[in-house]
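Reviewing the structure listed below.
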Amino acid sequence: MARPLLVSFVAGASGPWRIDRVESVTGDGLQPAERLTVLEGSEFDPVESPRWTLRGVTSNTRYTNRSESGALLAKQQGLHRPHATRAALIPIRKTADWWDLPQDERRSIFEEQSSHIGIGLEYLPAIARRLLHSRDLAQPFDFLTWFEYAPEHSDIFEELVRRLRSSSEWQYVDREIDIRLVRA
Ligand code: HEM
């Protein structure tokens, strides 16, 4: 497992990603902005007076078991594929009830009841993903999720988010914003 990598999402007037649409799925939204820059590590912020910045770190897995890790590794592809010119940044916060649960009960809701990994696997390798943890950085969200896909996979990505949002896991989500981007 690589060391944690700090990733910052900076919204403002400049950046390689154009913000196409922003939907507040649950809870408060974010200020509108035109473009987004994704910075890895402690790269200097090139955006002047950003509208907002969200930060998270990559981390070790919490829920994935050995056979699921193997299945993910065999199917998934990395970020930055040239044809993957569409992206989604979905910041998510979970309720105090979720965080009060013991680890085994969270795992059971996440996979045995909601099939998060089982459903997700169906969409690999079309959708590439990165999960960032924000909760321990005292950020407004617990997770920043980032996905990259080709334009022809936009419809299956909609299906994927619909399926996950109707799962029991999502009953513990109390803030979610869906930000869609185009690399242009
Ligand atoms: C966590 C897989 C799509 C939101 C995870 C984990 C896996 C996974 C394996 C657990 C990591 C761990 O063990 O700690 C996938 C796959 C997807 C997918 C294969 C298909 C592309 C999505 C989508 C969303 C999402 C579309 C948001 C709409 C999350 C969140 C977590 C998570 C918030 C953290 C849950 C927690 O720790 O409580 N995902 N996922 N995932 N995923 Fe997904």
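Rounded to the nearest 10 degrees, the inclination of helix 66-75 to the longest alpha-carbon principal axis of the chain is 40 degrees. Residues L6, L121, ordered by accessible area of protein heavy atoms at a 1.4 angstrom probe radius and largest first, appear as L6, L121. Take T85 and S166, extend 7 Å from each Cα along the Cα→Cβ direction, and tell me the distance between the two endpoints in nm. Inter-label distance under the simple model: 3.2 nm. Note that region 95-184, at 10 °C in a medium of 1.306 mPa s, gets a Stokes-Einstein diffusion coefficient of 110 µm²/s from its Kirkwood radius over C-alpha pairs.
Using the rule -39500 (n - 2.57) for each DSSP H run of four or more residues, divided by the residues of the chain, the 222 nm mean residue ellipticity is -5500 deg cm²/dmol. Calculated accessible area for the chain comes out at 53 Å² per residue, all protein chains present (probe 1.4 Å; ligands, DNA, RNA ignored).
For region 59-183, which whole-number percentage of the solvent-accessible area (1.4 Å probe, protein heavy atoms only) is attributable to carbon and sulfur atoms?
Numbers: 3070 of 6160 Å².
Reported share for carbon and sulfur atoms: 50 percent.
Of the chymotrypsin sites (Phe, Trp or Tyr not before Pro) in region 3-66, which ones lie in a loop per DSSP and count no more than 10 other C-beta atoms within 10 Å?
On the way: sites: F9, W17, F44, W52, Y63; in loops: F44, Y63.
Qualifying residues, ordered by number: F44.
Efficiency by 1/(1 + (r/R0)^6): what FRET value for R107 and E34, r their Cβ-Cβ distance, R0 = 35 Å, to the nearest 0.05? Once rounded, the FRET efficiency stands at 0.30.
Computed about its Cα centre, the charge dipole of region 123-184 is approximately 100 debye, with only Lys, Arg, Asp and Glu carrying charge at their Cβ. With respect to the chain, whose longest principal axis is taken over its alpha-carbon atoms, helix 154-165 is tilted by about 50°.
Once the gyration tensor of the Cα atoms in region 1-157 is diagonalised, the equivalent ellipsoid follows with semi-axes of 26, 20, 16 Å, ordered largest first.
Quick check for me: using +1 on Lys/Arg Cβ and -1 on Asp/Glu Cβ, what's the dipole size of the chain about its Cα centre, in debye to the nearest 20? Let's see the in-between values first.
Details: 24 positive and 27 negative charges, 85 e Å.
Magnitude of the dipole: close to 400 debye.
The values are calculated or read from the model by the stated rules, or taken from the named source; none is laboratory data. Worth saying up front: this structure is predicted, and the values here are computed from it rather than measured. Quick reminder, even Gly has a Cβ in these numbers, built from the backbone with ideal geometry, and neighbours come from all protein chains shown. Just so you know, the surface numbers come from the protein's heavy atoms only, side chains and all, with ligands and any DNA or RNA stripped out. Shrake-Rupley method; radii C 1.70, N 1.55, O 1.52, S 1.80 Å.
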